[in-house]
Each structure stands twice: as structure tokens, then as C-alpha cells.
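See structure below.
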Amino acid sequence: MKILVTGGTGYIGSHTVVELQQQGHQVVIVDNLSNSRGEVIDAIAKITGIKPEFYQFDLTDAEKSKQFFKSQPDIDAIIHFAAYKAVGESMAEPLMYYRNNLDSLINILQGMKDNGISRIVFSSSCTVYGQPDELPVKETSPVKEAWSPYGNTKQMSEQILKFACDAYALQVIALRYFNPVGAHESAQIGELPMGVPNNLVPYITQTAIGIRPRLMVFGNDYSTPDGTPVRDYLHVVDLAKAHVTAVERLQTEAQKMPYEVFNLGTGTGYSVLEVIRAFERVSGLKLNFKITARRPGDIEKVWADTSFANSELGWKAVYGLDDMMRSAWKWEQALMQQKLPGRY
Ligand code: NAD
Ligand code: UD1
């Protein structure tokens, strides 16, 4: 297939482009580089030997988006990653989040409608569940009131997709990711947080390499085995492979329903302290960390029921926590060699 990957130079997008190319698909990337670097295109080419076609523009620009779709009449499917994703920033700048994440989706759906493209895989998030009443979380668990504009854009996007799917006879798969971490084994691509990272794993690796003095562990008074919050961490390469499976499911018309939702996680929850211990185990280093107050807005515990993704999508995560930490650490060390500005 010829697949449009929006946000394809980003963290999850770049890993997915690699897996798509390795499965013989042709990829076209659109990204405005608002949260990624153009060099990722070369890094992808280094891994796969194929340079993906790349267009740099903002998908919220309706006219540019329209022109782009007109110029690409043979797109078979779309994987839509492009969005802003920082929860805290979305609290401070809600309109920026609604505009970016919703306008881009609407322009893409318009392009699909106008050009007869019917297949789309969408990046959703476990954040749509909030703090679930029952664990593990199933796809049928209720979507709770959003805690942040970011989370709200994911809920709204899912609804927009559902109605567009009915109205325009689309084939849609929404993938609800749990906590993607780690990097490609080549250490050519990985997560590249701009400025101070919000997420746990890049904060750990940046602390270990000396960019940050100390990791703050946000609270140890939760009702979890060691008191620190529990998440379902998932290797980004496993996640990337799930996208290949999903888009091929659309191609082969294997869907049971035109609009489907799958949880993507390992099904196992780990606490913050367990993640730190895994990092120390694989790196052989002692991490400097301190327990501090809870981070406002954090949920206590969440992990996925992956049985629907396993049985119906035919996908299962294979990497464990140590693999995730090992690859994240290898990537951090490779990044250090590049001496990128704006990381210190
Ligand atoms: P990322 O920021 O690394 O990648 C997103 C890419 O989209 C970036 O390269 C950015 O430049 C691009 N982009 C953003 N707005 C754009 C626009 N208007 N036009 C064109 N390009 C634009 O993020 P990621 O971690 O790879 O996340 C990918 C998707 O997965 C996002 O939709 C995110 O909300 C979702 N998601 C991520 C996580 C996570 O933990 N990383 C968890 C759940 C869901
Ligand atoms: C956050 C977002 C979520 C988003 C996800 C991936 C919130 C409330 N949720 O999830 O919507 O999909 O990122 O981008 O922000 N931690 C520390 N110290 C740190 C950083 C994190 O102790 O410096 C802890 C957190 O308290 C949490 C765990 O590590 O318990 C994981 O945090 P993080 O990586 O930010 O992911 P989430 O909070 O699960």
C-alpha cells in the first residue's frame, strides 16, 4: 500500500514508518516539524535503506492540505499521528490544542472524502479512560470526563471519526496507546523531548547521563504495592508493529465493524520504582532520585486488558520492561554523541 503517515518524523510515527517500509509498504510523510527534526528522514533511510517521501507543512492549513491530497491521488490508507501531546501545556493553552489536534483531523477527513480514501488508523490514548473503575481496562470501559484539553481532543477526535465513518463509509481503527517508551534497537531514532521532559523514561535517561541532576518521583502514597503510581509501559517498536497490523486489517477488509477501537499495552502494570529498578539493572548505574509530592492530575494506576487486541487484531507486545529500558538508554547515549542544542 501507499500509506500517508502524518507526524511521521515524530517519536511513534518514525518507528512506524520503519516497520511499514520493512513490510514493503510505500510511505509518504507529512509533518510540520513542530516537535521533531528533519534529520529523522535520513535516520529512517539509514535503518531501512529507503528514504520516505516527505512534505513539510501544517495540517491545520486547509488549503495546503487540500492541495496535498490533490497531488497524491494514489494514497491507499492514512495513519494519523500528527498532534500536540503535552498534557500540562494543554492546560495552559487549551485553544492551541483544540485547534491543532481537531483542525488537522478535520482537514484529513475532508481530504479523504474529496479523494475517495476510505482507510484511517488514528492515534488515541488510554487517557480517554481517566482513572478507570475496574482494572485491567477494556475497550468497553466507560470514557470518563477528560482531565485535560489534550485528553479531550482524543475523546472528541474519536467521536468525529465515528460520525465521519458512518457518513462517508470509512474504515477506521482507533488505537488507544498506554505508555510508549524505548527506542529502535539501531539507536538511530527514538523519543526526542524538547526542553525538560514531562515523561518518566526520558527523565530517567537524562538524569543518568547527567543532563538533569535528579529525578523527582511524584508521590509514594498511592494505593499501589510500593505507593508509586502504576502504568502499562509498552515498547515503541511493538506499538509501531501494531500500526502495520491495523492498516493491513483495513486493507484486507478483516474488520468486524467499520469503526473499531483497540487497547495497545502489554497488559502488565509497573510502578515508578519498578521502572527505576529496571533501568538500574540494565544500565548498571545508580539513579539519583527523590520522592516528592504528587503531580496534580496524575492517576493512580492503569493497565490494559489486551485480550481484544491479541485475539481480534492478532497483535501482542513481545518486549519486556528491561528491553524498553535498555533501548531507551542506548538511544540516550547515542543522542549525547550528537550534542543537540536545546537539550540542556
Ligand atoms: P510526537 O510529538 O513525537 O509526534 C507528533 C508529530 O506530529 C511531530 O513530529 C510534530 O511535528 C507533528 N505535528 C504536530 N502537529 C502537526 C500539524 N498540525 N501538522 C503537521 N505535523 C504536526 O508525538 P508521539 O509521541 O509520536 O505521538 C504521536 C501520536 O500518538 C500523537 O497523536 C499523540 O497524541 C499520540 N499518543 C502519544 C502517546 C505518547 O506517550 N507518546 C501516548 C498516547 C497517544
Ligand atoms: C502522561 C499523560 C498522558 C499521556 C502520556 C504520554 C498526564 C496526567 N498524563 O501520562 O495523557 O498519554 O503522558 O505522553 O500527564 N513520573 C515521575 N517523575 C517524573 C515524570 C513522571 O515520578 O519526572 C511518574 C508519574 O507520576 C507517573 C509515571 O511516572 O506515575 C509516568 O508518567 P508519564 O511518563 O508522564 O506518563 P503518564 O502520567 O502516565
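The values are calculated or read from the model by the stated rules, or taken from the named source; none is laboratory data. What you see is a predicted model, and the numbers here were worked out from it, not measured in a lab. Virtual Cβ from ideal backbone geometry, glycine too; neighbours counted across all protein chains shown.
Remarks
- Residue match in segment 32-41 (condition: of a type in the set (Val, Ile, Thr), part of a helix (DSSP H, G or I) and closer than 22 Å to Met194 by Cβ): yes
- Some residue of segment 213-223 being of a type in the set (Ser, Thr, Tyr) and either touching a residue at least 60 places away in the same chain (Cβ under 8 Å) or more than 30 Å from Ile120 (Cα to Cα) (or both): yes
- The requirement of being within 18 Å of His184 (Cβ to Cβ) and of a type in the set (Phe, Trp, Tyr) is not satisfied by Phe57.
- Of the residues making up segment 254-272, those that are away from ligand 1 (no atom under 16 Å from the Cβ) and in contact (Cβ under 8 Å) with a residue 60 or more places away in the chain are Gln255, Pro258, Tyr259, Glu260, Gly267.
One line per residue, one yes/no per condition, for (1) modelled with pLDDT of 95 or more; (2) surrounded by fewer than 24 Cβ atoms within 10 Å (Cβ to Cβ):
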| position | (1), (2) |
| --- | --- |
| Thr9 | yes, no |
| Thr16 | yes, no |
| Val40 | yes, no |
| Phe54 | yes, yes |
| Phe57 | yes, yes |
| Ser71 | yes, yes |
| Val87 | no, yes |
| Leu95 | yes, yes |
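- Close pairs from segment 175-186: first aromatic (Phe, Trp, Tyr), partner in a strand (DSSP E or B), Cβ under 6 Å, at least 6 apart: Tyr177/Ser125; Tyr177/Leu264; Phe178/Leu234; Phe178/Ala304
- Taken over segment 137-192, the criterion of being more than 16 Å from ligand 1 (Cβ to nearest atom) and assigned to a helix (DSSP H, G or I) is satisfied by Lys162, Phe163, Ala164, Cys165, Asp166, Ala167, Tyr168.
- Cβ-Cβ distances below 7 Å connect the following pairs, each with a first residue in segment 231-253 that is closer than 24 Å to Ser186 by Cα and of a type in the set (Ser, Thr, Tyr), a second residue that is within 10 Å of ligand 1 (Cβ to nearest atom) and part of a strand (DSSP E or B), and a separation of six or more residues or different chains: Tyr233/Asn179; Tyr233/Val181.
- Screening Lys70 against (1) over 15 Å from Ser157 (Cα atoms); (2) outside any helix (DSSP H, G or I); (3) in contact with a helix residue (DSSP H, G or I) (Cβ under 8 Å, 6 or more places away or on another chain) leaves a single unmet condition, (2).
- A single entry from Asp133, Asp76 fulfils the requirement of being in contact with a strand residue (DSSP E or B) (Cβ under 9 Å, 6 or more places away or on another chain), of a type in the set (Asp, Glu) and either modelled with pLDDT of 95 or more or more than 27 Å from Tyr168 (Cβ to Cβ) (or both): Asp76.
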